[in-house]
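The values are calculated or read from the model by the stated rules, or taken from the named source; none is laboratory data. Since this is a predicted model, take the numbers as computed values, not measurements. Note that we place each Cβ from the backbone using ideal geometry, even for glycine, and neighbour counts take in every protein chain shown. The protein model used for the area step is the full one, side chains on, heavy atoms only, and it has no ligands, DNA or RNA in it. Shrake-Rupley method; radii C 1.70, N 1.55, O 1.52, S 1.80 Å.
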Amino acid sequence: EAQVTQNPRYLITVTGKKLTVTCSQNMNHEYMSWYRQDPGLGLRQIYYSMNVEVTDKGDVPEGYKVSRKEKRNFPLILESPSPNQTSLYFCASSYAPGQGGQPQHFGDGTRLSIL
Amino acid sequence: GENVEQHPSTLSVQEGDSAVIKCTYSDSASNYFPWYKQELGKRPQLIIDIRSNVGEKKDQRIAVTLNKTAKHFSLHITETQPEDSAVYFCAASTPRYSSASKIIFGSGTRLSIRP
């Protein structure tokens with residue numbers, strides 16, 4: 001089954017304790033992206049990756065890191081989490097947007113609470 | 001800066017009536033406009049999309065219209081049913097360098113269908 005898998009689904013942690021949210025897709029998609037969803041703000045892009053070893057900042061990259069060492073995996077790293085990073089996070093993947101855009105496939109989300 | 005405005009933020013319609021959600025984008029180079037539906041506690045899923053070379057697209061009870069001159073696009077749902085209750089997000093994708101595309105989401109519309 002084609003899917004985007006995120007782990008963990010829920011996490012409560014404390015300020016400053018490094019954490020990683022994993023994302024894996026099995027559709028051989030070139031493009032992967034991380035979003036955060038906050039009430040009234042929609043989905044805001046954190047980072048995206050066009051392919052292996054190619055990553056770029058989205059609209060709200062501060063406080064986050066990503067890596068793309070393999071095509072299928074795109075982990076999101078919070079080196080020193082803070083309470084303002086409490087949010088619902090989605091990973092998404094698609095074929096290379098090229099010059100026309102492509103529909104994205106979303107994971108089931110990760111709800112992070114930073115105390 | 002680039003943005004996508006979505007209205008209304010909440011919408012309540014009688015079952016069987018039509019619902020219309022409108023989005024306006026700022027970047028005239030945007031050329032791909034997907035709509036996502038997010039049911040409570042679930043991931044966003046693509047329901048319909050349109051590219052800039054097309055003015056209207058329909059899929060059963062759902063249709064999207066695009067006015068490039070005015071830079072707005074709309075989602076139309078006819079004969080609404082209880083299962084249409086969800087949050088709907090519009091998005092606009094704009095081509096960038098190196099085959100990348102930037103995608104910006106609207107803030108979402110919570111649609112409720114009254115029985």
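Looking across the stretch A:78-115, the residues that are within 23 Å of B:K42 (Cα to Cα), more than 14 Å from chain B (Cβ to nearest Cβ) and open to solvent by 30 Å² or more (accessible area, probe 1.4 Å) come down to A:N84, A:T86, A:S113. Could you list, ordered by first residue, the pairs with Cβ atoms under 8 Å in which the first is in the stretch B:20-43 and under 15 Å from B:I77 (Cβ atoms) and within 12 Å of chain A (Cβ to nearest Cβ) and the second is of a type in the set (G, A, S) and buried (at least 23 other Cβ atoms within 10 Å of the Cβ), at least 6 apart or interchain? Filtered contacts from the stretch B:20-43: B:C23/B:A92; B:C23/B:G106; B:W35/B:A91; B:Y36/B:A91; B:Q38/B:G108. Residues that are under 22 Å from B:E15 (Cα atoms), open to solvent by less than 50 Å² (accessible area, probe 1.4 Å) and not small (G, A, S) within the stretch B:72-106 comprise B:L75, B:I77, B:T80, B:D84, B:V87, B:Y88, B:F89, listed in sequence order. Only residues that are free of Cβ contacts under 8 Å to residues at least 24 places away in the same chain and surrounded by fewer than 17 Cβ atoms within 10 Å (Cβ to Cβ) were counted in the stretch A:8-43, giving 3. When we screen B:T69, B:T109 for residues that are more than 18 Å from A:P103 (Cβ to Cβ) and crowded, with 21+ Cβ neighbours inside 10 Å, the only hit is B:T109.
Checked across the stretch B:95-104, the condition of being at pLDDT 95 or above and assigned to a strand (DSSP E or B) holds for no residue.
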